Amino acid sequence: ENLFIQKQKFHVYSPNSWMKSTCDLKWTDINHLCRGDFITCEMKDADLKRGVPQERKTCWRVSFRYQLKKAEERKGFMVQVVEYYKKEDKHILGDGQSIETEIAELVNCKVFRAYQPYDDTF
């Protein structure tokens, strides 16, 4: 591991490292109302909206918001990798990343973006 990260005692959360559920049938529909809070989430089981999010059961947006809130409380931040799409000739956030950005804004969590370099050899 990186010595600087160890020294700073950073907490790292990778949302793709665990199984998720959702209240959005399309999973990443930006127009779906859920923004990871207990008011907008449409999960039916009220137990999934309390305490620490549960793997495979809790809506991914609730879990993501929970982690962003923890990061904000610790003066942390979110890092997003933005992929370059050659066909469109630009960097584009994925639909889920757009939702994550909105949730980060709602909990006042700083967002940093790393842009994938363009490589025309592919």
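Applying a threshold of 8 Å to beta carbon distances and a minimum spacing of six or more residues, or different chains, the list of pairs starting in the stretch 12-40 at a residue that is touching a residue at least 60 places away in the same chain (Cβ under 8 Å) and open to solvent by 40 Å² or more (accessible area, probe 1.4 Å) and ending at one that is part of a loop (DSSP other than H, G, I, E, B) and of a type in the set (Gly, Ala, Ser) reads Thr28/Gly94. Contact map, the stretch 95-109: residues that are on the phi > 0 side of the Ramachandran plot paired with residues that are open to solvent by 40 Å² or more (accessible area, probe 1.4 Å), Cβ distance under 7 Å, separation 6+ or inter-chain. Pairs shown: Asn108/Glu72.
Yes/no per residue for (1) over 17 Å from the mean Cα position of the chain (by Cα); (2) of a type in the set (A, V, I, L, M); (3) modelled with pLDDT of 95 or more:
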residue: Gly76; (1), (2), (3): no, no, no
residue: Asp95; (1), (2), (3): no, no, yes
residue: Glu100; (1), (2), (3): no, no, yes
residue: Ala104; (1), (2), (3): no, yes, yes
residue: Tyr115; (1), (2), (3): no, no, yes
residue: Asp119; (1), (2), (3): yes, no, no
residue: Phe122; (1), (2), (3): yes, no, no
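Any residue at all in the stretch 83-93 that's modelled with pLDDT of 95 or more, under 23 Å from Gly36 (Cβ atoms), among the hydrophobic types (A, V, I, L, M, F, W, C) and touching a Lys or Arg at 6+ places or on another chain (Cβ under 7 Å)? Among the residues of the stretch 83-93, not one is modelled with pLDDT of 95 or more, under 23 Å from Gly36 (Cβ atoms), among the hydrophobic types (A, V, I, L, M, F, W, C) and touching a Lys or Arg at 6+ places or on another chain (Cβ under 7 Å), which makes the answer no.
Residue by residue, here is whether (1) at pLDDT 90 or above; (2) aromatic (Phe, Trp, Tyr); (3) farther than 21 Å from Glu105 by Cα; (4) assigned to a helix (DSSP H, G or I) holds:
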site	(1), (2), (3), (4)
Ile5	no, no, yes, yes
Leu25	yes, no, yes, no
Thr28	yes, no, no, no
Cys34	yes, no, no, no
Met43	no, no, yes, no
Glu55	no, no, yes, no
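When Gly96 is tested against the conditions (1) within 25 Å of Gln8 (Cβ to Cβ); (2) part of a helix (DSSP H, G or I); (3) of a type outside the set (Lys, Arg), the lone failure is (1).
Taking the criterion of being within 16 Å of the chain's Cα centre (by Cα) and open to solvent by 60 Å² or more (accessible area, probe 1.4 Å), the residues of the stretch 57-69 that qualify are Tyr66, Lys69.
When Gln97 is tested against (1) open to solvent by 90 Å² or more (accessible area, probe 1.4 Å); (2) within 17 Å of Gly36 (Cβ to Cβ), just one condition goes unmet, and that condition is (1).
Test Gln67 against the stated conditions and say whether it is part of a helix (DSSP H, G or I), out of contact with any strand residue (DSSP E or B) (no Cβ under 8 Å at 6 or more places or on another chain) and modelled with pLDDT under 80. Spell out how you get there, then give the answer.
On the way: part of a helix (DSSP H, G or I): yes; out of contact with any strand residue (DSSP E or B) (no Cβ under 8 Å at 6 or more places or on another chain): yes; modelled with pLDDT under 80: no.
So Gln67 does not fit the description; no.
The values are calculated or read from the model by the stated rules, or taken from the named source; none is laboratory data. Keep in mind it's a predicted model, so treat the numbers as computed, not measured. We place every Cβ from the backbone using ideal geometry, glycine too, and count neighbours over all the protein chains shown. What goes into the accessible areas is simple: the full protein's heavy atoms, side chains included, and nothing from ligands, DNA or RNA. Shrake-Rupley method; radii C 1.70, N 1.55, O 1.52, S 1.80 Å.
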